[in-house]
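Down below is the structure, laid out as structure tokens.
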Amino acid sequence: MKMQVIDLHEKESCDVGNCIAPQTLWPSLPQASITNIEEGVVVLNDQQQVLIDKLTRGSSRRDVVSIVGMPGIGKTTLAFKVYNDPEVVCYFHIRAWCRVSQAYSRRSLLLDILRHIIELNDTILAMSNEGLDLVLYKHLKKNRYLIFMDDMWSIRAWDDFKISFPDDGNGSRILMTSRLCDVVSKVTPECNLLSLRLLSDDESWELLKLKIFHQESYPEELFEVGTEIARNCKGLPLSVVAIAGILNSTSKEYESWKQIAESLDSLIVGDQQTRCMDILELSYKNLPGDLKACFLYFTALEEDKEISVSKLIRLWMAEGFIQKEASNSLEGLAKDYLMDLIGRSLIIVTKRRSMRGSKHVGFTTLCVACAC
Ligand SMILES: Nc1ncnc2c1ncn2[C@@H]1O[C@H](COP(=O)(O)OP(=O)(O)OP(=O)(O)O)[C@@H](O)[C@H]1O
Ligand SMILES: [Mg+2]
């Protein structure tokens, strides 16, 4: 079986490497879903440079570098920014990544890593885990490699893989992200542990603007109320993105923004996470009825497990969530619903893949992201 694999996070590296542009594989998905991940990134120069230095300088031994911080603070976003940075791309011979998460299968992680390095043909797919370990080891041997392991919940994943990561004294690195400092600090030298900071008020406003107006100019009357909204997110990117989702579904006028600013003001002052949950609730309340049902359906699916877009749409239709409109087919409407949820940042696409001609997505919902 020939799999064609592409991930949005890798789009940036397309200029450097040899991969197919997402638009080729995903002709019918609007750009909005792509810009979510690629364009709208506020670069945290200080943090980014520190990380690049840790990856490309220092010890020649194979070393672990880790980013830690609370849910939604931007660990994965920063890690991918750095993973795709031209300096990093040039420095390492091989780069590969996988998303570990809480419940992972060793085999699928092995295949996830390997598919960045070799083509997963039938022979590879028929191999035992031990065979795959060996293939991975042989390909990494004598190469300077960077393996990015996103979202570590226990050190078991490291124990499972470290034998396949040779140490040739050539500066290879494993980059990890985790909410749990205790977990990664067991395998990360203290000097390689980066505790991610919150956004400044200016950066929050920058992010809000990017998510709503992209690179375009915005009405001046929205400056004051916009900065107030951004400030009220208390530096958590996830909160900013959720609010941007609400603002994107209302008119870009002072009165509508003021109303949202007031609902934010009325939230009880709590810690960042409580506030974030409150903002997500606000986001949910702002959904039209049909979309609420479609969104809630995601909670019945397993996070990170891929689902084909057409299957998801069929499931929604079978549940009666999609009501016929004269101007659009049920499928067309369901696709619009999916794009709407992505546009509001209530659903984040973590993986995209074309398998035997059908489109699959891995996803996380902001509710799950925040509640874990
Ligand atoms: N610097 C940034 N620029 C633009 N968007 C950002 C930035 N940092 C985070 N975000 C957005 O905030 C949301 C949460 O970010 P991300 O998924 O990177 O957080 P995380 O720390 O990895 O969370 P988790 O612990 O749940 O894995 C995402 O929608 C992401 O696009
Ligand atoms: Mg993450």
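The values are calculated or read from the model by the stated rules, or taken from the named source; none is laboratory data. Computed from a prediction, not measured in an experiment: that's the story for all the values here. Counting neighbours? That spans all protein chains shown, and the Cβs are built from the backbone with ideal geometry, glycine included. Side chains included, ligands, DNA and RNA excluded: accessible areas come from the protein's heavy atoms. Shrake-Rupley method; radii C 1.70, N 1.55, O 1.52, S 1.80 Å.
At a glance:
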{"item": "Filter pass, Thr227 being in the same structural domain as Asp133 (by TED's automatic domain parsing), surrounded by 15 or more Cβ atoms within 10 Å (Cβ to Cβ) and at pLDDT 95 or above", "result": "no"}
{"item": "Helices (runs of 4 or more DSSP H) completely within the range 238-328 that count 1 or more residues being open to solvent by 40 Å² or more (accessible area, probe 1.4 Å) and of a type in the set (S, T, N, Q)", "result": "254-265, 272-285, 309-318"}
{"item": "Matching residues in the range 64-91 - criterion: being in contact with a helix residue (DSSP H, G or I) (Cβ under 8 Å, 6 or more places away or on another chain) and more than 14 Å from ligand 1 (Cβ to nearest atom)", "result": "Val64, Val65, Glu87, Val88, Val89, Tyr91"}
{"item": "Which listed residue is in a helix (DSSP H, G or I), more than 30 Å from Ser345 (Cβ to Cβ) and either open to solvent by less than 30 Å² (accessible area, probe 1.4 Å) or not β-branched (Val, Ile, Thr) (or both), from Val64, Val135, Val82", "result": "Val135"}
{"item": "Residue check, Cys98 hydrophobic (A, V, I, L, M, F, W, C), more than 11 Å from ligand 1 (Cβ to nearest atom), out of contact with any Cys (no Cβ under 8 Å at 6 or more places or on another chain) and at pLDDT below 95", "result": "yes"}
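Condition check ((1) in contact with a helix residue (DSSP H, G or I) (Cβ under 7 Å, 6 or more places away or on another chain); (2) part of a helix (DSSP H, G or I); (3) in contact (Cβ under 8 Å) with a residue 60 or more places away in the chain; (4) under 30 Å from Val42 (Cβ atoms)) across all residues:
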{"position": "Leu110", "(1), (2), (3), (4)": "yes, yes, no, no"}
{"position": "Ile117", "(1), (2), (3), (4)": "yes, no, no, no"}
{"position": "Leu120", "(1), (2), (3), (4)": "yes, no, yes, no"}
{"position": "Ile147", "(1), (2), (3), (4)": "yes, no, no, yes"}
{"position": "Pro166", "(1), (2), (3), (4)": "yes, no, yes, no"}
{"position": "Glu203", "(1), (2), (3), (4)": "no, yes, yes, yes"}
